[in-house]
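Below is the structure I would like to discuss, written out as structure tokens.
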């Protein structure tokens, strides 16, 4: 049953991909077929994964190809099924959205190719999450990377899209190289490529080897996840791709890195040494903080959201790092709490970040720009988009009662509980991480005040913004699905945490949702001695009561005697968009506070005609230093290019030289092989 | 008990060893050879002995399908390829003297050294407890391969390089037949087809190189470098 649903979903996606390719001359048909196949496949996968999660046991499904050494088996154990469910939920919403989003591309772009790569990406994602051996996993991993590359570069006439795609491909391949080494080390130790043979294997190896494999996996998967400092491809790729692809990239493609880490940390390793958890926690904190700080300075709506993906990956990894530390300390209950926090945030991030990217897509589509400074006042023209974006913004800022709040609260609880641990190092590490998480959350809220207010409120800042139109019904439906998801995952948190029972049982050997849920299923508590208790449902109810209590009398009065007048304009002749608060101005205080990181450069040139008090024109330029690109990647690129230049010497262009290289290598290898 | 001389394994091994030694001598003669046509004929003679080795192995191991392999070697390598190449030499009217990169005496010394390498490498595969044909044959095969490779590096003209490649392939053939007593026939057929196609493709390539560069000297391909 589960197997049939799962294979059916993959079959539908692959058939959809093939059909799109066949229909490339019929854009309207290709669009409908591609999106319908994506939606149908997502429905089947969602049903199969949900059945697998609640069924508990692992379903192993053999695929009808492969050979004895490299079997193509997939296994839907609870961890795989959870990520697959996340994929299915997001894919369904994005497919509905794409029905409308792709319509304007008809005739201008090859929608057959788009549908092909879109469905291929979904199919390879599901295989990444469920592959049961290292070889098949890497095949799925690479086909996912190639499909993503083609979708990022879909608007290939733009140089930035091409550059973003190539950057993604280079980084992704470097990461895969690390994974390959790590998997080969594990395979040579176990004698099999099957994931089942890797279970707890890494912990039985020599400490040095164990550490090396851990770091290889951490950075190999970290590249895809967008971990600082290997994150630089992410803002480029998410901004350059079509918005429905951005939603998928940010919502689920980067989660493949998280899935890989979860698989390695909690399946291949037993209780790890303390430094591993500390490393993950520290990198998580760095990603979260740097992600949100760079997001604050961004005025490109999609790049801003992309930097928030880095931040949220950081929050997820803080949960994972805490779980690893608790596992090292033997506190399984707390480890389960932290793991649940990380996984819950993974699911939540897929919903609210998917929603935000879809909303950004509608806005960019309507205004024709990604620059926030040229938007404004869109709430009047695009009310549904604005409300959906607001829901996403509230969720990502971690405000109650939506889903982002619940998972961030769980992460806090785990970090605070860590203060009660016995090891002196962790007593120090946990509170620091907790306070930095608080800082991150506050900065994220500030950032989304900007991200919502500048595009949606006040007066339009450009003609395009003034003439923006609301998105078509399919796009609103896609956004609406995810907005409802954000609310449900927030209010229904106490019911949803039961999903994680089978995962924590699989990885840590305990079922802990019963300890988390109190007040007859209406509230959550971390189950620790000094932990708090929250009830998102109760908070929502309070909001409702308070809102009604305050708004009702106001509404009555407003109806009776409201007088509308112009806003006070300081005596100037009328307020225009030029008087508005800009995104640059809004983020200025933070730019000053964190100037050590940003190293802002600004330049003001004014031209005067009569008196210095009345400039006729002012030019203002401000930019921040891209620290990672400039200090790490630029020198690295120089080195690689210089090395490549030096290696040109052996490329003599002479057949004899090439033959001689091969010959000498061959003789040396033969003699080397005989030596023993 | 009288020994049937015709099925005496020791005799068989001696015959194979003797012919393998001849093949090796011919390979070194190829290194020392200065005339293209003679080079082609030495290759044909070498291939003839190879076919003979295959037939001997077929006889002593009662493996009739190796006769097919021997016959194919006779047709393709002893007749077809040499005839093709001699016609090519006449048609393109190339200078018939070979100018090797490393001079002949040193080349022969290097070939001798490579034979030594071949024996050292083959030694590690030797299993005294598994009697049979071909311990020496493997050493000769590896030497053939290495010397053929070296000859390829040592030649300027595309045609002579092709010849060296084919003698290298003879080494592979000898290794295959002496270790496994004949691979499945289908594999052998595939190999022969490959040899034929390679000879034809390279023959065409020789023409093209000559047309483009007015010479068959592959050193001039250096001009293609970007």
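Rule-based calculations on the coordinates, nothing more; no lab input. Everything numeric in this text was worked out from a predicted model, so none of it was measured. Positions of Cβ are generated from backbone atoms using ideal geometry, with glycine treated the same way; all protein chains shown enter the neighbour counts.
Any chance you could get the radius of gyration and Dmax over the Cα atoms of chain A, in Å?
26.5, 100
Would you mind ranking A:539, A:534 by Cβ crowding within 10 Å, fewest neighbours first?
Least crowded to most crowded, the residues run A:539, A:534.
Note the per residue figure in Å³ for the convex hull of the C-alpha positions in the range A:627-674. Please list the in-between numbers first.
Working: hull volume 4.2 nm³, N = 48.
Convex hull of Cα atoms, per residue: 88 Å³.
If you average the alpha carbon positions of the range A:481-524 and of the range A:597-620, how far apart do those two centres end up, in angstrom?
When both Cα centres are located, 55 Å separates them.
Can you tell me the order of B:40-53, B:103-116, A:16-29 when each peptide is scored by its average per-residue count of other Cβ atoms within 10 angstrom, highest first?
With the highest mean Cβ count within 10 Å placed first, the list reads B:40-53, A:16-29, B:103-116.
Taking Cα atoms, how many degrees apart are the long axis of helix A:473-491 and the longest axis of chain A, rounded to 10 and kept between 0 and 90?
That works out to roughly 80 degrees.
Using 7 Å Cα-to-Cβ label points, what is the residue B:90/residue A:432 separation (nm, one decimal)?
Inter-label distance under the simple model: 8.8 nm.
In what sequence, highest mean first, do A:589-595, A:433-439, A:600-606 appear when ranked by Cβ atoms within 10 angstrom?
Working: A:589-595: 13.6, A:433-439: 18.7, A:600-606: 10.9.
Taking the mean over residues of other Cβ atoms within 10 Å, the ranking is A:433-439, A:589-595, A:600-606.
Could you state the angle between the C-alpha long axis of helix A:111-130 and the longest principal axis of the C-alpha atoms of chain A, as a value from 0 to 90 degrees rounded to the nearest 10?
For helix A:111-130, the angle is close to 60 degrees.
Here is a follow-up. Applying 1/(1 + (r/R0)^6) with R0 = 45 Å to the Cβ-Cβ distance of residue A:672 and residue A:511, what FRET efficiency is obtained, to the nearest 0.05?
Rounded to the nearest 0.05, the efficiency is 0.25.
Please pull out the direction-averaged projected area of the range A:276-385, using the convex hull of its alpha-carbon atoms, in nm² to one decimal place.
Result: a mean projected hull area of 7.4 nm².
If you build the Cα gyration tensor of the range A:330-556 and take the root of 5 times each eigenvalue, what three semi-axes come out, in whole angstrom, biggest first?
Result for the range A:330-556: semi-axes of 37, 19, 17 Å.
Continuing with this model, one more query. Length gain on complete extension for the stretch residue A:484 to residue A:424, per 0.36 nm per residue less the alpha carbon to alpha carbon distance? Working shown, then result.
Details: separation 60, 0.36 × 60 = 21.60 nm, distance 4.38 nm.
My answer for the length gained is 17.2 nm.
Taking neighbour Cβ counts within 10 Å as the exposure measure, how do A:501, A:569 sort from fewest upward?
Working: A:501 21, A:569 11.
Fewest-to-most ranking of A:501, A:569: A:569, A:501.
Please compute the alpha carbon radius of gyration of the range A:541-676, then divide it by the globular-protein estimate 2.2 N^0.38 Å. Two decimals is fine. The partial results should precede the final answer.
Working: Rg = 34.4 Å, N = 136, 2.2 N^0.38 = 14.2 Å.
Taking the Cα Rg and dividing by 2.2 N^0.38 Å, one obtains 2.42.
How much length is gained if the chain between residue A:597 and residue A:22 is pulled fully straight, taking 0.36 nm per residue apart and subtracting their Cα-Cα distance, in nm to one decimal?
201.9 nm
Given a Förster radius of 60 Å and the C-beta distance between residue A:632 and residue B:11 as r, what FRET efficiency does 1/(1 + (r/R0)^6) yield to the nearest 0.05?
Step by step, r from the Cβ atoms, then E = 0.25.
Please give the calculated 222 nm ellipticity per residue for chain A, where each DSSP H segment of at least 4 residues contributes -39500 (n - 2.57) and the sum is spread over every residue; nearest 500 deg cm²/dmol?
Values: 29 runs with 455 residues, N = 676.
That comes out to -22000 deg cm²/dmol.
Rg over Rh of the range A:9-56, using C-alpha atoms and the Kirkwood radius, what does it come to?
1.17
Here's another thing I want to ask about it. Evaluate the distance, in nm, between pseudo-label points positioned 7 Å from the Cα of residue A:518 and of residue A:567 along their respective Cα→Cβ axes.
4.5 nm
Could you give the angle, 0 to 90 degrees to the nearest 10, between helix A:274-296's Cα long axis and the longest principal axis of the Cα atoms of chain A?
30 degrees
How many angstrom lie between the C-alpha centres of the range A:196-259 and the range B:56-111?
The range A:196-259 and the range B:56-111 have Cα centres spaced 55 Å from each other.
With r as the distance between the Cβ atoms of residue A:578 and residue A:607 and R0 = 22 Å, compute the FRET efficiency 1/(1 + (r/R0)^6) and round to 0.05.
0.75
Which value results when the Cα radius of gyration for the range A:549-596 is divided by 2.2 N^0.38 Å? Present the calculation step by step, with values, prior to reporting the outcome.
Working: Rg = 18.5 Å, N = 48, 2.2 N^0.38 = 9.6 Å.
The reported ratio for this selection is 1.93.
Expressed in nm to one decimal, what extension gain is obtained for the pair residue A:647 and residue A:188 from 0.36 nm per residue of sequence separation less their Cα-Cα distance?
162.0 nm is the gain from fully extending residue A:647 to residue A:188.
Hey, another quick one. Using a 7 Å offset from the Cα along the Cα-to-Cβ direction at both residue A:639 and residue A:625, what is the distance between the two label points in nm, to one decimal?
Distance between label points: 2.0 nm.
When A:475, A:382, B:200 are ordered from fewest to most other Cβ atoms inside 10 Å of their Cβ, what list results?
With the sparsest Cβ surroundings first, the list reads B:200, A:382, A:475.
Additional query: Mind ranking A:543-552, A:110-119 by how tightly packed they are, going by the mean number of other C-beta atoms within 10 angstrom, highest first?
Values: A:543-552: 10.3, A:110-119: 24.8.
Per-residue Cβ counts within 10 Å, averaged per peptide and sorted highest first, yield A:110-119, A:543-552.
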